[in-house]
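Trainee: Mind having a look at this structure? Questions to follow.
A short reminder: the numbers here are calculations on the coordinates, not readings from a lab. Everything numeric in this text was worked out from a predicted model, so none of it was measured. Please note: Cβ atoms are built from the backbone with ideal geometry, for glycine as well, and neighbour counts cover all protein chains shown.
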Amino acid sequence: MVELPTRIGILPFRNKVLLPGAIIRIQCTSPSSVKLVEQELWQREEKGLIGILPVRDIAEGSIVTQGADLGDKSSKNQQVKSDSHKLDGKNQQEPNWHTRGVAARALHLSRGVEKPSGRVTYIVVLEGLSRFSVEELNTRGTYTTARISPLDMTKTEMEQIEQDADFIALSRQFKLTAMELITALEQKQKTGGRTKVLLETVPVHKLADIFVASFEISFEEQLAMLDSVDVKVRLSKATELVDRHLQSIRVAEKITQKVEGQLSKTQKEYLLRQQMRAIKEELGDNDDEDDDVAALERKMQDARMPPNVWKYAQRELRRLKKMQPQQPGYNSSRVYLEVLADLPWQTTSEEAELDLKAAKDRLDSDHYGLVKVKQRIIEYLAVRKLKPDAKSPVLCFVGPPGVGKTSLASSIAGALGRKFIRISLGGVKDEADIRGHRRTYIGSMPGRLIDGLKDSQKVGVSNPVMLLDEIDKTGSDIRGDPASALLEVLDPEQNKTFNDHYLNVPFDLSKVIFVATANRAQPIPPPLLDRMEVIELPGYTSEEKLRIAMRHLIPRVLSQHGLNSDFLEFPEGMVKLVIERYTREAGVRNLERNLAAIARSAAVTVAEQEHNNNNVSSLNNRISSPLLETRLTESGAEVEMEVIAMGDNNTNNHEMSNVFTIVSPIIVDEEMLEKVLGPPKYDNKEAEERVVTPGVTVGLVWTAFGGEVQFVEAISTPGKGDLHLTGQLGDVIKESAQIALTWVRARATELNLASAEESNLLEGRDVHIHFPAGAVPKDGPSAGVTLVTSLVSLFSRRRVRADTAMTGEMTLRGLVLPVGGIKDKVLAAHRYGIKRIILPERNLKDLVEVPAAVLGSLEILLAKRMEDVLEHAFEGGCPWKQRSKL
Ligand SMILES: Nc1ncnc2c1ncn2[C@@H]1O[C@H](COP(=O)(O)OP(=O)(O)OP(=O)(O)O)[C@@H](O)[C@H]1O
């Protein structure tokens, strides 16, 4: 029995009733309710109570309280008039208060602060305890309070009524009906019978409320239940409602059974057909194949092929009809006709009038940053809109992995309202991969393009946006040149009648919009490159990655794992740690993978929690679920939550609060990162640790993964003065190394090498230069200055500065030439925590593309000649100048 105070703070419930024993989760946002929760629940030392009083919208007319039991208290059977009161900001007029309410306590409280307004809100999980009647309402303060008197029976009254014959009969009737309901529910959900125990342990008058609270009934009925102060009235009302619910479940079941009956009818039919087939087979009566051919013919007719193709297909079909299924060639002919019938000869997706603004919004909402790229795409779309038949170039996105090339292409398809199809060209070396094998080959197939288009479920239209992925990874060998086939595909003059060897009839590709991606433009054969407009997507800075993660990756990763921010929160600081300590890439691919790993681990925790909750409180979940609906007002603002648990162990209802333990989200912290992702993979000390001996230098290079930091190591060994190079190097880089060695040798005197051993280094010994990360192929001229610096460091026995990286081509006479990919290289250096960068002077202009925040953290040193590089690379300046000073 709960001791009620004489005065209680009132929380108005609009058109809704909280019954004793019911649990509800609400969000308080209006100033009055926030104040109420703050003063009555949040700030209290001991557990506070508040009164829940139903209030009706004025528009719906006044409350007519029903219920025969009200006779004795008829004086109160009228509405309590109150001072004008603002109800949760929704109703400015005088509210219609009901005269009876329910005292409630908080099972769980969480406090939130909206950003950026700073407004405080509360989420409260309330449990109804006992009825009261309102003696007087006072609405003059910030929130309403009421003088109340309890309506529940005292213990002695209760003991008396338990002897009453009517009450006993009513209880029995109620319990019987309730038991039937539980049995029906359990059968439906096929679960065990824990809930029945509650029928024995909870007093019947409380059960009546709990059961009714779990049904969806009208406000009037809810009020009637609330007003049923007399337990006998309450029991008969509850019995009636439980019975009604039971009947509705039964009706629903009957309907399902009927449907199931129908289902088994189709199953029966299927079985009979199977049997019929078997009998026919036994009799050698094989008209099934005929059926199949007829179906194929119908499918071909539906495909609406152009006349010349149709003629060809007809001829093939006639041939097929003459053949026996066992005959060689029957199957290949059939498969061929299936492919023809599957191709979208005429079907196109409706292209709505292109709305450039909507397209721009879509690109913006899908992708963070990339301003120039998006601008270029919009221009491309604008031209297409003005002149749809213009020969627009094929867009080719070039950039390291995971910078959004594929997803940009799919956004273009979305903006145009077209289907999207991705054809992977990585590793395609055979022309037949593009153009198909002739049908004379055994196991011949159409090429990848036609194969992609024929998949009618996925594409089924002749005008999709087709992404030719990794177009730089096609190569040619004796089996022909895929690039020349691609050239035909991309040429608007020729692709109207694209000839796939397998099809052997022309297919019109001119309605397809082609987009290509590549990691690097350089390997793409020039004629192909000429057909394309290259749009470069450089890598992202850490700051950009953070924004992309917060806005795009995290929401997506959460929803992919069935979570949302109520369950899992990624604080910005932790995302930053993932970016800096666990990834070191130009794009965001690994970042996304790591975030997904964390989400997976959280999903397991959440699922386990839910499992436990379901076990403990299966009754509550099932019975109270309609009342547990969230009544959160959609404020749309970000809310920062602070949570205190209000668990109360001395009541038998504490189980119920378990349902809400997941209200507080899992917040990712360093410990969780280490647990899921392991110890940090990167720090900023790598350069420092590796540049400990003379001969090692830090260079900046450009690889298929974007800008990279590349260490170069040189040592000398006894020999004949040869140069050895290792680390999967291309011809250009090998030549750079030769030039570097020649240049350094020519300056032997300037180097002023002291000992005989050192002069030997130049003539009598071999030099070995290695580029670690041997698995990654490297080429290009930009390692020139790095190579020279390594050699000078080796010969002069002086270490280069570990905080410095360099890039630049060097001529035989020591002039430093500009190189490409400066932005990517600078970003890479930034990722590695490098502080100083030596660049060719003529690359200065390229720095405008580097974000200011990154530039600000670096010292940029410009070099015109090799001597300038050496001057910057060594502590105290160029080594041989140092020596001559000595
Ligand atoms: N600027 C961005 N804004 C939002 N999401 C991005 C952005 N850049 C990349 N992403 C996301 O990163 C992921 C990887 O991008 P995507 O697959 O498009 O990369 P890609 O450049 O095509 O890589 P690959 O060359 O390996 O195919 C995608 O989930 C994509 O949505």
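Trainee: Provide the FRET efficiency to the nearest 0.05 for the residue 331-residue 196 pair, computing r from the beta carbons and using R0 = 56 Å.
Mentor: Working: r = 62 Å, r/R0 = 1.10.
Efficiency, rounded to the nearest 0.05: 0.35.
Trainee: With label points built 7 Å along Cα→Cβ from the Cα atoms of residue 496 and residue 169, find their separation and express it in nm.
Mentor: 9.3
Trainee: Please arrange 682, 540 by how many other C-beta atoms lie within 10 Å of their C-beta, fewest to most.
Mentor: Working: 682 14, 540 27.
Listing 682, 540 from fewest to most nearby Cβ atoms yields 682, 540.
Trainee: Another question, then. May I ask you to evaluate 6.51 cos²θ - 1.76 cosθ + 1.60, the Karplus curve with θ = phi - 60°, for each residue of the range 33-42 and list the ³J(HN,Hα) values in order in whole Hz, giving x for glycine and proline?
Mentor: 6, 4, 4, 4, 5, 4, 7, 8, 10, 5
Trainee: On a full-extension model of 0.36 nm per residue, what is the gain between residue 685 and residue 746, subtracting their alpha-carbon distance, rounded to one decimal in nm?
Mentor: Numbers: separation 61, 0.36 × 61 = 21.96 nm, distance 3.51 nm.
Full extension of this stretch gives 18.5 nm more.
Trainee: Provide the gained length on full extension for the span residue 357 to residue 429, in nm with one decimal, where the gain is 0.36 nm per separating residue minus the Cα-Cα distance. Write down the numbers at each step before the final one.
Mentor: Working: separation 72, 0.36 × 72 = 25.92 nm, distance 4.11 nm.
Extra length available between residue 357 and residue 429 comes to 21.8 nm.
Trainee: Return the long-range amide H neighbours of residue 403 (sequence gap of 5 or more, or a different chain), with a cut-off of under 5 Å between placed amide H atoms.
Mentor: Close amide H contacts, sequence-distant or interchain: 588.
Trainee: Within the range 373-535, what percent of beta bridges assigned by DSSP are antiparallel, to the nearest 5? Don't skip to the end; give the middle numbers.
Mentor: Details: 3 of 20 bridges.
Around 15 percent antiparallel, to the nearest 5.
Trainee: Could you compute the FRET efficiency for residue 142 and residue 855, with r as their C-beta to C-beta distance and R0 at 56 Å, rounded to 0.05? Working shown, then result.
Mentor: Working: r = 54 Å, r/R0 = 0.96.
The computed FRET efficiency comes out at 0.55.
Trainee: Any idea what % of Cα-Cα pairs in the range 288-342 are farther than 12 Å? Walk me through the numbers on the way to the answer.
Mentor: Details: 919 of 1485 pairs.
Here the long-distance tail beyond 12 Å is 62 percent of all Cα pairs in the range 288-342.
Trainee: If you count, for each residue, the other Cβ atoms within 10 Å and average over each peptide, how do 490-501, 782-793, 316-327 line up from highest to lowest?
Mentor: Working: 490-501: 17.5, 782-793: 28.6, 316-327: 12.6.
Ranking, from highest mean packing down: 782-793, 490-501, 316-327.
Trainee: Could you work out the local net charge near residue 541, counting Lys and Arg as +1, Asp and Glu as -1, over the other residues with Cβ closer than 14 Å to its Cβ? Numbers along the way, then the final one.
Mentor: Details: positive: 545, 547, 576, 584, 823, 825, 831; negative: 543, 544, 580, 585, 824, 849.
Cβ neighbours under 14 Å give a net charge of +1.
Trainee: Still on this structure: Alpha carbon centre of the range 808-862 versus the range 382-439: separation in Å?
Mentor: Answer, in whole Å: 33.
Trainee: Go through the range 175-185 residue by residue and turn each phi into a ³J(HN,Hα) via Karplus (6.51, -1.76, 1.60, θ = phi - 60°); whole Hz please, and just put x for glycine and proline.
Mentor: 4, 4, 5, 4, 4, 4, 4, 4, 4, 4, 5
Trainee: So, counting K/R as plus one and D/E as minus one, what does the shell of residues with Cβ under 14 Å around residue 306 add up to?
Mentor: Working: positive: 304, 311, 496, 511; negative: 508.
Net of charged neighbours comes to +3.
Trainee: With no solvent and one point per C-alpha, what does the Debye sum give as log10 I(q)/I(0) for the range 373-535 at q = 0.09 Å⁻¹?
Mentor: Result of the Debye calculation: -0.28.
Trainee: A further question on this structure: If you take the alpha carbon radius of gyration of the range 159-253 and divide it by 2.2 N^0.38 Å, what ratio comes out, to two decimals? Walk me through the numbers before you get to the answer.
Mentor: Values: Rg = 13.4 Å, N = 95, 2.2 N^0.38 = 12.4 Å.
Cα Rg divided by the expected 2.2 N^0.38 Å: 1.08.
Trainee: So if I take the centroid of the Cα atoms in the range 482-520 and the same for the range 323-349, what is the distance between those two points in Å?
Mentor: About 22 Å separates the Cα centre of the range 482-520 from the one of the range 323-349.
Trainee: With just the Cα atoms defining each centre, how far is the range 540-595 from the range 117-146? Give it in Å.
Mentor: Taking the Cα centre of the range 117-146 as reference, the centre of the range 540-595 is 41 Å away.
Trainee: Still on this structure, I have one more. Of the listed peptides 507-519, 237-249, what is their order by residue-averaged count of other C-beta atoms within 10 Å, with the highest listed first?
Mentor: Values: 507-519: 22.2, 237-249: 18.2.
By packing density, highest mean first, the sequence is 507-519, 237-249.
Trainee: Out of every Cα pair in the range 343-455, what percent are spaced more than 25 Å from each other? Don't jump to the answer; show the numbers that get you there.
Mentor: Details: 2307 of 6328 pairs.
The calculated P(r) of the range 343-455 puts 36 percent of pairs beyond 25 Å.
Trainee: Could you tell me whether the range 686-885 comes out rounded, prolate or oblate from its Cα gyration tensor? Rule is a ≥ b ≥ c as square roots of the eigenvalues, rounded for a/c under 1.5, then prolate if a/b exceeds b/c, otherwise oblate.
Mentor: Working: a/c = 1.77, a/b = 1.44, b/c = 1.23.
Prolate is the answer for the range 686-885, as a/c is 1.5 or above and a/b outweighs b/c.
Trainee: Hey, another quick one. If you place +1 on the Cβ of every Lys and Arg and -1 on the Cβ of every Asp and Glu, how big does the dipole about the Cα centre of the range 686-885 come out, in debye to the nearest 20? Display every interim value, and only then the final one.
Mentor: Values: 24 positive and 25 negative charges, 84 e Å.
Dipole size: approximately 400 debye.
Trainee: Around residue 783, with a cut-off of 14 angstrom between Cβ atoms, what is the net charge of the other residues, counting Lys and Arg +1 and Asp and Glu -1?
Mentor: Numbers: positive: 734, 778, 825; negative: 708, 713, 731, 735, 779, 809.
Here the charged neighbours net out to -3.
Trainee: Turning to a different aspect of this structure: Mind jotting down the three principal axis lengths of the range 369-434 based on Cα atoms? Whole angstrom, largest first.
Mentor: 38, 31, 19
Trainee: Could I have the simple spin-label model distance between residue 607 and residue 364, label points 7 Å from Cα toward Cβ, reported in nm to one decimal?
Mentor: For the pair residue 607/residue 364, the computed spacing is 3.9 nm.
Trainee: List, in order, the whole-Hz ³J(HN,Hα) value for each residue of the range 163-174 obtained from phi through the Karplus relation with A = 6.51, B = -1.76, C = 1.60 and θ = phi - 60°; use x for Gly and Pro.
Mentor: For the range 163-174, the Karplus curve yields 8, 5, 5, 4, 4, 4, 5, 4, 4, 4, 4, 4 Hz.
Trainee: Once you have the Cα-Cα distance between residue 149 and residue 385, take 0.36 nm times their residue separation minus that, and quote the gain in nm to one decimal.
Mentor: Once the chain is fully extended between residue 149 and residue 385, it gains 77.6 nm.
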